[in-house]
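The values are calculated or read from the model by the stated rules, or taken from the named source; none is laboratory data. Note that the coordinates shown come from a computational prediction; the quantities given were computed from them, not determined experimentally. Positions of Cβ are backbone-derived with ideal geometry, glycine not excepted, and every protein chain shown enters the neighbour counts. What goes into the accessible areas is simple: the full protein's heavy atoms, side chains included, and nothing from ligands, DNA or RNA. Shrake-Rupley method; radii C 1.70, N 1.55, O 1.52, S 1.80 Å.
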Amino acid sequence: MNSLSTLLIVVGLFLLGGVYSFVKQKQSRGVITVLAIASALSLAAGVLRLDVWS
């Protein structure tokens, strides 16, 4: 497991926790949407860099 892929996965999970927290606080949908997209992209990049696909 590469350190960059680990970092991307951790950042993605952190942002996903922010999405959950902002939904509970009833923040604006724009902020939640941006956080959710950033989280999904970060998690996808981290998983794709794991080198288990080749």
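Part of a helix (DSSP H, G or I), small (Gly, Ala, Ser) and over 12 Å from the mean Cα position of the chain (by Cα) - does that describe any residue in the range 20-27?
Yes, the conditions are met somewhere in the range 20-27.
Does at least one position in the range 31-49 carry a residue that is at pLDDT below 95, touching a helix residue (DSSP H, G or I) at 6+ places or on another chain (Cβ under 8 Å) and not in a helix (DSSP H, G or I)?
yes
Please specify each residue of the range 13-28 satisfying the condition of being of a type outside the set (A, V, I, L, M, F, W, C) and open to solvent by 90 Å² or more (accessible area, probe 1.4 Å).
If we filter the range 13-28 for residues that are of a type outside the set (A, V, I, L, M, F, W, C), which is where we start, we get 17-18, 20-21, 24-28.
Of everything in the range 13-28, those that are of a type outside the set (A, V, I, L, M, F, W, C) and open to solvent by 90 Å² or more (accessible area, probe 1.4 Å) turn out to be TYR20, LYS24, GLN25, LYS26.
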